[in-house]
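The structure under discussion appears below in the form of structure tokens.
None of the figures in this text is laboratory data; all of them are computed from the coordinates on show. Keep in mind that this is a model prediction, so the values were computed, not measured. Note that each Cβ is placed from the backbone with ideal geometry, even for glycine, and that neighbours are counted across all protein chains shown.
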2 protein chains.
Amino acid sequence: MSEASKEKRHGLIIVNTGHGKGKTTAALGTVFRALGQGFKVAMIQFIKGGWQYGELAAAKKFENFSLEPMGKGFLKLGDGDPLPEDCALAEKTWALCADRILSEKYDLVVCDEVNYALSYGLLPVSMVLETLARKPSWVHVILTGRDAPEALLAVADLVTEMREIKHPYQKGIMAQRGIEF
Amino acid sequence: MSEASKEKRHGLIIVNTGHGKGKTTAALGTVFRALGQGFKVAMIQFIKGGWQYGELAAAKKFENFSLEPMGKGFLKLGDGDPLPEDCALAEKTWALCADRILSEKYDLVVCDEVNYALSYGLLPVSMVLETLARKPSWVHVILTGRDAPEALLAVADLVTEMREIKHPYQKGIMAQRGIEF
């Protein structure tokens, strides 16, 4: 990627939110497209901690893609306040996102399920906004997860809500390998 | 892919619709994941005819992925009835989709922007339903595009509506290479 083409680029802040499917999947699709254009891409996962996903195997095909799963599976959310260790993990994961966003080494950084961490109070939105305010102008950032806070939507360039209209669970069909994971 | 694992699989009919971004992109993300799981995937494009897209370059990394752009760019839609040549092209493109779906050679077939062809009357929905009724039980099919007809939603297992909440065009930002194409 030449320096000249970076300078002409308008780095977008993209939010995929809503309660339907396709938030992470659309981000992956954008990654696929960006890799094909020769972009350097980092994707950091806040929630999913497993290494069995199809995207991990596919990611290995691309030298210009780093996928870093930092979460520890699905957080167990109780009625009480978030656990300090979950907050610490969320903040550590954001620190990694911030490093990638500000490093000037990546064209696209995906912060997968970060909205989940924000909406559950594991991560202060101010921390995210502070990084985004300092991002290089040509860096694209995608933030996924349901219930993205209003303060994040306010600074975003592109916001899409994925709405569930019909879901196979309603018919009793289990999650399908290769499609949902 | 072993025959046994195919037989256990429940092939889903997935529809990505709505007027927001991310319908094709989410399908691409699913393709990426499916390829990583070793699936054989075919994607047929109804509308976009160009060969400059990032996904085309990325697709070349995968032997188990065939991407077939059949459309001729964006259709010019007037006030009148659809042009016979556009209907013929849409029907020819569906014939290719049907071949891929029924061939038992593909685990996932993406019919990209087919809903667009359906909603503009270029392709009869009955033709699509007839193929889907005969598809092998283990084959997943994704149909994308705005304004998916009710009759298609009725047979789908998973329907997601992508809603546009905020778009960079509203700020006067042009489409960005590597992100939107």
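I need A:Phe32, A:Phe181 ordered by Cβ neighbour count within 10 Å, fewest first.
Least crowded to most crowded, the residues run A:Phe181, A:Phe32.
Is there a simple number for the mean count of other chain Cβ atoms within 10 Å of the Cβ of residues in A:164-176, and what is it?
5
If we sort A:139-145, A:166-172, A:117-123, B:102-108 on the protection proxy, mean other Cβ atoms within 10 Å, highest first, what's the order?
A:139-145, A:117-123, B:102-108, A:166-172
Place a point 7 Å from the Cα of B:Asn64 along the Cα-to-Cβ direction; which residues of segment B:101-134 have their backbone N under 14 Å from it?
B:105-109
Just need the relative contact order of chain A here, percent rounded to a whole number, with Cα pairs under 8 Å and 6+ apart. Could you put the intermediate results ahead of the total?
Working: 309 pairs, mean separation 66.4, N = 181.
Once normalised by length, the contact order is 37 percent.
Around B:Ala34, with a cut-off of 13 angstrom between Cβ atoms, what is the net charge of the other residues, counting Lys and Arg +1 and Asp and Glu -1? Don't jump to the answer; show the numbers that get you there.
Working: positive: A:Arg177, B:Arg9, B:Arg33, B:Lys40; negative: A:Glu55, A:Glu180, B:Asp107.
After counting each charged neighbour, the total is +1.
Provide a whole-number value for the mean count of partner chain Cβ atoms within 10 Å of the Cβ atoms in peptide A:151-161. All intermediate terms of the calculation are to be shown ahead of the outcome.
Working: counts 0, 0, 2, 1, 0, 3, 8, 15, 8, 13, 9.
Going residue by residue through A:151-161 and averaging, the value is 5.
Averaged across the residues of A:9-21, what count of C-beta atoms belonging to other chains lies within 10 Å of each residue's C-beta?
Details: counts 4, 8, 3, 6, 2, 7, 2, 6, 2, 6, 0, 9, 7.
Whole-number average of other-chain Cβ neighbours for A:9-21 is 5.
Kindly give the distances from A:Met127 to its copy-mates, label point to label point, with each label point 7 Å from Cα along Cα→Cβ, as nm values to one decimal ordered shortest first.
The answer, with the shortest distance listed first, is 5.4 nm.
Restricting to Cα atoms and excluding each atom paired with itself, what does the Kirkwood estimate give for the protein assembly as shown in Å?
On the way: mean 1/r = 0.0479 Å⁻¹.
Result for the protein assembly as shown, one decimal place: 20.9 Å.
Would you mind giving the average projected area, over all directions, of the Cα convex hull of segment B:8-163 in nm² with one decimal? Intermediate values should be presented prior to the final figure.
On the way: hull surface 35.5 nm².
That works out to 8.9 nm².
Can you give the net charge of the other residues whose Cβ lies under 10 Å from the Cβ of A:His167, counting K and R as +1 and D and E as -1? Kindly include the intermediate steps, with their values, before the conclusion.
Numbers: positive: A:Lys21, A:Lys166, A:Lys171; negative: A:Glu164, B:Asp157.
Neighbourhood net charge equals +1.
Count charges around B:Leu152 for me, please; just the other residues with Cβ under 15 Å from its Cβ, Lys/Arg as +1, Asp/Glu as -1.
Working: positive: A:Lys166, B:Lys23, B:Lys135, B:Arg146; negative: B:Asp112, B:Glu113, B:Glu130, B:Asp147, B:Glu150, B:Asp157, B:Glu161.
Summing Lys and Arg as +1 and Asp and Glu as -1 gives -3.
What FRET efficiency would be calculated for the residue pair B:Leu102, B:Ala175, taking the C-beta separation as r and a Förster radius of 45 Å, to the nearest 0.05?
Numbers: r = 36 Å, r/R0 = 0.80.
The value I calculate is 0.80.
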